[in-house]
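Let me begin by presenting the structure, written as structure tokens, before commenting on it.
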Amino acid sequence: MSVVLTEANRNDITQLHALIDGIPPIAGKVGAPRRKPTCVQADRGYDSEPHRRELRKRNIRTQIAKRNTENGSGLGTTRWVVERTIAWLHQFRRLRIRYERLANIHEAFLQLDTALICWRFVVAS
């Protein structure tokens, strides 16, 4: 999981490349660990041709819904994982509403809560 913490009212699209660059290496296979996703899925807010081009340069496929089109882009069949995870994070009061002034404290709560979610997921299975 990769997270970029920004100021309030900041447009998400401005952090797309920082989010991709922040993905940690995926270990487990022999050889160099993979550092980039094979595909990026995003909603209509990320519909921008310059960003699509940049991701194609990095050999990353895109599934970004086009603006001014009907619903039913097909992203819902796989994007529900992201929406479910955000809903799980919003179960924690300190992440739903940010009370901390310092970014490092908020980020620490975010890391703690993601660890709790992973632990619950492992214990339940």
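The values are calculated or read from the model by the stated rules, or taken from the named source; none is laboratory data. Here the structure is a predicted model, which means the values were calculated and not measured. Here the Cβ is made from the backbone with ideal geometry for all residues, glycine too, and neighbour counts use every protein chain on show.
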Would you please name the residue that is nearest to A42 (Cα to Cα), looking only at residues in the stretch 77-116 that are at pLDDT 85 or above and of a type in the set (S, T, N, Q)?
T114
Having 1 or more residues that are more than 29 Å from T38 (Cα to Cα) is the bar; report the helices (runs of 4 or more DSSP H) wholly within the stretch 49-113 that clear it.
93-96
Could you check how many residues of the stretch 23-48 are touching a Leu at 6+ places or on another chain (Cβ under 9 Å) and part of a loop (DSSP other than H, G, I, E, B)?
2
Being of a type in the set (D, E), exposed (fewer than 11 other Cβ atoms within 10 Å of the Cβ) and within 18 Å of V81 (Cβ to Cβ) is the filter here, so list the residues in the stretch 7-64 that pass it.
none
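Among the residues of the stretch 117-125, are any surrounded by 10 or more Cβ atoms within 10 Å (Cβ to Cβ), at pLDDT below 85 and part of a helix (DSSP H, G or I)? Walk me through it before giving the result.
Going residue by residue through the stretch 117-125, those that are surrounded by 10 or more Cβ atoms within 10 Å (Cβ to Cβ) are 117-121.
Filter again for at pLDDT below 85, leaving 121.
Within this subset, residues satisfying the condition of being part of a helix (DSSP H, G or I) are 121.
Within the stretch 117-125, one or more residues are surrounded by 10 or more Cβ atoms within 10 Å (Cβ to Cβ), at pLDDT below 85 and part of a helix (DSSP H, G or I).
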